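S.K.: Pasting in a structure now, in structure tokens, and then I'll have a few things to ask.
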Amino acid sequence: MNAPDLCWKPLTARTWRDFERLAGPKGLCAGCWCMLWRVFAKEFQGGKGTTNKARMKRLARGKRAPGILVYADRNPVAWCSVAPRADFVRLENSKVLAPVDNEPVWSLTCFYVAPRFRRKGLAPFIIRAAGAFAKKGGAKVLEAYPVDTGGKPYAASFAWTGFASSFRKCGFRQAAKRSPTRPIMRRAL
Ligand SMILES: CC(C)(COP(=O)(O)OP(=O)(O)OC[C@H]1O[C@@H](n2cnc3c(N)ncnc32)[C@H](O)[C@@H]1OP(=O)(O)O)[C@@H](O)C(=O)NCCC(=O)NCCS
């Protein structure tokens, strides 16, 4: 099989249907529609399903796209949430992911790769695309919160922040580590 032709587009009103298709009936994962970091816990839980979907749709129609879609041979195969850190209100209350400093960073918080495209080395492409998108939006530094399993197997469905090795490959370096498996990684854009 030939390597697929990869490209990416921001999630906007124009690409919303592709996002819906990728997210499927589960709305990515248990009706999250990737709103986990963008609203506080109670609102998120209560909003699983249609409310979270409507929230994300509103963001997609807004001034700044809430992330990017990756396409393989024109089919949407992956999603990545990337925006200024301040958009992710849940980060505010996290001890492990509290700000490293006062730098106005952007955050890459979530991935979703369609199951049949996993384990094919797509993550670095997505990270680089997210970096290009963030830079275009004015970001100077991109931050991420991957899991570092030290190469051990990990349930893909719990690895929505990505794997640290993928970020290392894309030039990210550890900026803080307040939990053994959850570094904060950064890269200047
Ligand atoms: C986490 C995820 C993004 C990884 O994407 P991917 O395209 O499969 O990753 P890659 O094939 O590029 O692999 C990246 C690295 O992680 C490793 N890896 C991938 N899946 C792994 C797993 N389940 N356990 C341990 N390591 C894994 C790869 O071996 C590779 O390691 P290397 O850098 O040392 O070579 C993907 O599994 C995913 O989307 N999971 C579902 C997340 C989800 O449910 N999101 C919904 C909430 S919005």
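S.K.: In the list ALA78, ALA83, ALA41, ALA54, which residue meets the criterion of being within 21 Å of ALA114 (Cβ to Cβ) and either out of contact with any His (no Cβ under 9 Å at 6 or more places or on another chain) or of a type in the set (D, E, K, R) (or both)?
M.R.: Step by step, each of ALA78, ALA83, ALA41, ALA54 is checked, and only ALA78 is within 21 Å of ALA114 (Cβ to Cβ) and either out of contact with any His (no Cβ under 9 Å at 6 or more places or on another chain) or of a type in the set (D, E, K, R) (or both).
S.K.: Does region 44-56 contain at least one residue that is free of Cβ contacts under 8 Å to residues at least 24 places away in the same chain, surrounded by 14 or more Cβ atoms within 10 Å (Cβ to Cβ), of a type in the set (Lys, Arg) and assigned to a loop (DSSP other than H, G, I, E, B)?
M.R.: There is at least one residue in region 44-56 that is free of Cβ contacts under 8 Å to residues at least 24 places away in the same chain, surrounded by 14 or more Cβ atoms within 10 Å (Cβ to Cβ), of a type in the set (Lys, Arg) and assigned to a loop (DSSP other than H, G, I, E, B).
S.K.: Go through region 120-131 and count every residue that is touching a residue at least 12 places away in the same chain (Cβ under 8 Å) and either more than 18 Å from ILE184 (Cα to Cα) or near the ligand (Cβ under 8 Å from one of its atoms) (or both).
M.R.: Total satisfying the criteria: 6.
S.K.: Taking the condition part of a helix (DSSP H, G or I) and under 25 Å from MET185 (Cα atoms), does ILE68 pass?
M.R.: So ILE68 does not fit the description; no.
S.K.: While we're looking at this one, here's another question. Filter region 81-96 down to the residues that are within 14 Å of the ligand (Cβ to nearest atom) and of a type in the set (S, T, N, Q) and list them by number.
M.R.: SER81
Yes or no, residue by residue, for (1) more than 25 Å from PRO4 (Cα to Cα); (2) touching a strand residue (DSSP E or B) at 6+ places or on another chain (Cβ under 7 Å); (3) at pLDDT 95 or above; (4) more than 15 Å from the ligand (Cβ to nearest atom):
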residue: THR50; (1), (2), (3), (4): yes, no, yes, yes
residue: LYS57; (1), (2), (3), (4): yes, no, yes, yes
residue: ALA72; (1), (2), (3), (4): no, yes, yes, no
residue: TRP79; (1), (2), (3), (4): no, yes, yes, no
residue: ALA98; (1), (2), (3), (4): yes, no, yes, yes
residue: THR109; (1), (2), (3), (4): yes, yes, yes, no
residue: TYR112; (1), (2), (3), (4): no, yes, yes, no
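S.K.: While we're looking at this one, here's another question. Of the residues VAL113, VAL147, VAL100, which is touching a residue at least 12 places away in the same chain (Cβ under 8 Å), of a type outside the set (Ser, Thr, Tyr), closer than 20 Å to LEU36 by Cα and out of contact with any Phe, Trp or Tyr (no Cβ under 7 Å at 6 or more places or on another chain)?
M.R.: VAL113
The values are calculated or read from the model by the stated rules, or taken from the named source; none is laboratory data. Note that the coordinates shown come from a computational prediction; the quantities given were computed from them, not determined experimentally. Heads up, the Cβs are rebuilt from the backbone with ideal geometry, glycines too, and the neighbour counts pull from every protein chain shown.
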